[in-house]
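The structure appears right after this line, and notes come after that.
The values are calculated or read from the model by the stated rules, or taken from the named source; none is laboratory data. What you are looking at is a predicted structure, and each value in this text was computed from that prediction instead of being measured. Cβ atoms come from the backbone with ideal geometry, glycine included; neighbour counts cover every protein chain shown.
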Amino acid sequence: MTTSAAVSYRLPQQRKLVTPIPGPKSHELQGRRAMAVAGGVGSTVPVYAADADGGVIVDIDGNSFIDFGSGIAVTSVGASNAAVAEAVAEQARHFTHTCFMVTPYEGYVAVAERLNHLTPGDHQKRTVLFNSGAEAVENAIKVARLATGRDAVVAFDHAYHGRTNLTMALTAKTMPYKYGFGPFAPEVYRVPGSYPFHDGLDGPEAAARAISMMDKQIGADQLAAIIIEPVMGEGGFIVPAPGFLPALANWAASNGIVFIADEVQSGFARTGAWFASEHENVVPDLVTMAKGIAGGMPLSAVTGRADLLDAVHAGGLGGTYGGNPVACAAALATLDVMAELDLPRRAREIEEIALGRLRAMASVTDEIGDVRGRGAMLAIELVQPGTNKPNPELAKALVAACLAQGVVLLSCGTYGNVIRLLPPLVIGDELLGDGLDVLENCLRDLTGSTGAARVH
Ligand SMILES: *Cc1c(COP(=O)(O)O)cnc(C)c1O
């Protein structure tokens, strides 16, 4: 990679298959798993990890895969970043837990200071830490409701905010996230967002549609919060049309509604900025964060306006493990690495390389309806040729074909027809290129496209 001066890898950065996929050891473990692990837990790929570093995951059979998923946008600095590993070990040697609500410690305070500084806007901010993205979202809603004295919350079509009861209500897609798990939390409303490939609306038009619905069907003065992912993640890597997010944020501000940016997936350098809200100069009232925050250790946060977070009575927010000291140490090391390597810039480089390749594939593949994304959060939407009708079968086949060639690739989307690229931001150019070659070849094999327009 261009920033590679400071990156050193422990494992060879190569794609190398030494057994059929899955290999015999993974196959055996899959059998043990079936008898021990709840059937409700799915896994994208049937290979079991033994090691991971930089842009590769090595399985227990010794196969080395290119990682285009980062464990769902988590391991941006690599899954075994040396600085993060050392910070974790050092903290664990001292104390793994005291509970911040019992005996506080500096790491929590330091993470809060960093997040207050890093998130958009230079107003007075406060931070509270939790363990998962869903927990951060739940607490952002709690804060908004208490601070406004209102109940209603708006989420959007294609939204994903988690799997706890309140966040299931906020999440749009029923199967697999909500199906059979109701009843869901009340006073959650859904309105259409902005999905340029499907709705054909510009940003102000899409915002006007959403605002009219909120105004007429809920009432602005009933609304505690609007929550939105600035780039929709699980729903399909949907980048809203320009102007949509600022129009919503402005309407929220003029009506006393808390604007919450759920940056759990889009945050921490992933989209080429520290936070995706920055691409449109949106300053959210509250930001929810998790995934990329701590190099793989479980940590999440709500950061935002001091007046909102300080409105809550002492003891109203917290949890036994929230802001665990080992996770905080990992976050501080992760944020240092991100700044030292200028990973927002690296994400923009990945965008430049990969988006060009994806567009070239689209130019010769009728099944690619749309190419989109920001930074190293990129996607292709697969369709029936010549339409915008979803083609989830091709997405599934492509994920399987790429795995068989040594590339771990994730799909997403309400219709299951979006292939997303989420490589670790420390992946090298060569490995990235090899992974894109595999994607292109598999796509060509599955669709019969010629690939003649390929450019470098
Ligand atoms: C993953 C995700 C969540 C939920 O995070 P968990 O840590 O899985 O609870 C919430 N919001 C967004 C945007 C996400 O991508």
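Filter segment 215-258 for residues that are part of a loop (DSSP other than H, G, I, E, B) and of a type in the set (Val, Ile, Thr); which is nearest to the ligand (Cβ to nearest atom)? Even if it seems obvious, please write down each step before you answer.
Filtering segment 215-258 down to residues part of a loop (DSSP other than H, G, I, E, B) leaves 219, 229-231, 233-237, 239-243, 255-257.
From the residues that got through so far, the ones that are of a type in the set (Val, Ile, Thr) too are 231, 239, 257.
Numbers: 231: 9, 239: 14, 257: 19 Å.
If we take residues in segment 215-258 being part of a loop (DSSP other than H, G, I, E, B) and of a type in the set (Val, Ile, Thr), then 231 is nearest to the ligand (Cβ to nearest atom).
For segment 198-214, how many residues meet the condition of being in a helix (DSSP H, G or I), touching a Gly at 6+ places or on another chain (Cβ under 8 Å) and under 23 Å from residue 381 (Cβ atoms)? Walk me through it before giving the result.
Looking only at segment 198-214, we keep the residues that are in a helix (DSSP H, G or I), and these are 198-199, 203-214.
When the remaining residues are screened for being touching a Gly at 6+ places or on another chain (Cβ under 8 Å), the result is 203-204, 206-207, 210.
If we keep only those that are under 23 Å from residue 381 (Cβ atoms) too, we end up with 203, 206-207, 210.
Total satisfying the criteria: 4.
Would you point out the residue of segment 119-152, among those that are within 14 Å of the ligand (Cβ to nearest atom) and within 17 Å of residue 308 (Cβ to Cβ), that is surrounded by the fewest Cβ atoms within 10 Å (Cβ to Cβ)? Talk me through it step by step, then tell me what you get.
Start the filter on segment 119-152 by keeping residues that are within 14 Å of the ligand (Cβ to nearest atom), which leaves 129-141.
From what's left, within 17 Å of residue 308 (Cβ to Cβ): 129-130, 136-141.
Values: 129: 30, 130: 26, 136: 32, 137: 29, 138: 22, 139: 26, 140: 30, 141: 28.
Applying the filter and picking the extreme gives 138.
Here is a list: 337, 371. Which entry is hydrophobic (A, V, I, L, M, F, W, C), over 18 Å from residue 128 (Cβ atoms) and in a strand (DSSP E or B)? Reasoning before the result, please.
Working: 337 fails: in a strand (DSSP E or B).
Within the list 337, 371, the selection yields 371.
If you scan segment 153-188, which residues turn out to be more than 12 Å from the ligand (Cβ to nearest atom), closer than 25 Å to residue 312 by Cβ, assigned to a loop (DSSP other than H, G, I, E, B) and of a type in the set (A, V, I, L, M, F, W, C)? If you could, list the steps in order and put the result at the bottom.
Pass one, segment 153-188, residues more than 12 Å from the ligand (Cβ to nearest atom): 153-154, 157, 165, 169, 173-176, 178-188.
Checking the rest, the ones that are also closer than 25 Å to residue 312 by Cβ come to 153-154, 165, 169, 184-188.
Okay, now just the ones that are also assigned to a loop (DSSP other than H, G, I, E, B), so 184-187.
Once the filter is applied, which keeps residues that are more than 12 Å from the ligand (Cβ to nearest atom), closer than 25 Å to residue 312 by Cβ, assigned to a loop (DSSP other than H, G, I, E, B) and of a type in the set (A, V, I, L, M, F, W, C), segment 153-188 yields 184, 185.
Within segment 32-83, considering only strands (runs of 3 or more DSSP E) that don't extend past its boundaries, which have at least 2 residues that are in contact (Cβ under 8 Å) with a residue 24 or more places away in the chain and under 17 Å from residue 400 (Cα atoms)? Please lay out each step first, then the result.
Working: elements: 49-53, 56-59, 64-67.
Qualifying strands (runs of 3 or more DSSP E): 56-59, 64-67.
For segment 400-456, how many residues meet the condition of being at pLDDT below 95, among the small types (Gly, Ala, Ser) and either out of contact with any Leu (no Cβ under 9 Å at 6 or more places or on another chain) or closer than 21 Å to residue 238 by Cα (or both)?
Residues flagged as at pLDDT below 95, among the small types (Gly, Ala, Ser) and either out of contact with any Leu (no Cβ under 9 Å at 6 or more places or on another chain) or closer than 21 Å to residue 238 by Cα (or both) within segment 400-456 amount to 3.
Please find, among 352, 367, the residue that is surrounded by 19 or more Cβ atoms within 10 Å (Cβ to Cβ) and of a type in the set (Asp, Glu).
Details: 352 fails: surrounded by 19 or more Cβ atoms within 10 Å (Cβ to Cβ).
Going through 352, 367 in turn, just one is surrounded by 19 or more Cβ atoms within 10 Å (Cβ to Cβ) and of a type in the set (Asp, Glu): 367.
For segment 392-449, which residues satisfy the criterion of being assigned to a helix (DSSP H, G or I) and of a type in the set (Gly, Ala, Ser)?
395, 397, 400, 401, 404, 433, 435
Looking at residue 98, is it of a type in the set (S, T, N, Q), surrounded by fewer than 24 Cβ atoms within 10 Å (Cβ to Cβ) and either part of a helix (DSSP H, G or I) or away from the ligand (no atom under 14 Å from the Cβ) (or both)?
Details: of a type in the set (S, T, N, Q): yes; surrounded by fewer than 24 Cβ atoms within 10 Å (Cβ to Cβ): yes; either part of a helix (DSSP H, G or I) or away from the ligand (no atom under 14 Å from the Cβ) (or both): yes.
Yes, satisfied.
Condition check ((1) charged (D, E, K, R); (2) more than 16 Å from the ligand (Cβ to nearest atom); (3) at pLDDT 95 or above) across all residues:
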| residue | (1), (2), (3) |
| --- | --- |
| 47 | no, yes, yes |
| 52 | no, yes, yes |
| 62 | no, yes, yes |
| 66 | no, yes, yes |
| 69 | no, no, yes |
| 86 | yes, yes, yes |
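Starting from segment 117-143, take each residue that is under 19 Å from residue 257 (Cα atoms) and touching a residue at least 60 places away in the same chain (Cβ under 8 Å) and list its partners that are of a type in the set (Asp, Glu) and within 15 Å of the ligand (Cβ to nearest atom), counting only C-beta distances under 7 angstrom and pairs at least six apart or across chains.
Between residues of segment 117-143 that are under 19 Å from residue 257 (Cα atoms) and touching a residue at least 60 places away in the same chain (Cβ under 8 Å) and residues that are of a type in the set (Asp, Glu) and within 15 Å of the ligand (Cβ to nearest atom), the close pairs are 137/262.
So if I check each of 26, 76, which one is more than 24 Å from residue 291 (Cβ to Cβ) and either touching a Leu at 6+ places or on another chain (Cβ under 8 Å) or buried (at least 20 other Cβ atoms within 10 Å of the Cβ) (or both)? Reasoning before the result, please.
Values: 76 fails: more than 24 Å from residue 291 (Cβ to Cβ).
Testing whether each residue is more than 24 Å from residue 291 (Cβ to Cβ) and either touching a Leu at 6+ places or on another chain (Cβ under 8 Å) or buried (at least 20 other Cβ atoms within 10 Å of the Cβ) (or both) leaves just 26.
Yes or no: segment 303-316 includes at least one residue that is small (Gly, Ala, Ser), buried (at least 23 other Cβ atoms within 10 Å of the Cβ) and in contact (Cβ under 8 Å) with a residue 12 or more places away in the chain.
Filtering segment 303-316 for residues small (Gly, Ala, Ser) gives 304, 306, 311, 314-316.
Within this subset, residues satisfying the condition of being buried (at least 23 other Cβ atoms within 10 Å of the Cβ) are 304.
Restricting the remaining residues to those that are in contact (Cβ under 8 Å) with a residue 12 or more places away in the chain gives 304.
Checking segment 303-316: at least one residue is small (Gly, Ala, Ser), buried (at least 23 other Cβ atoms within 10 Å of the Cβ) and in contact (Cβ under 8 Å) with a residue 12 or more places away in the chain.
Please specify each residue of segment 371-398 satisfying the condition of being surrounded by 22 or more Cβ atoms within 10 Å (Cβ to Cβ) and either modelled with pLDDT under 95 or on the phi > 0 side of the Ramachandran plot (or both).
373, 375
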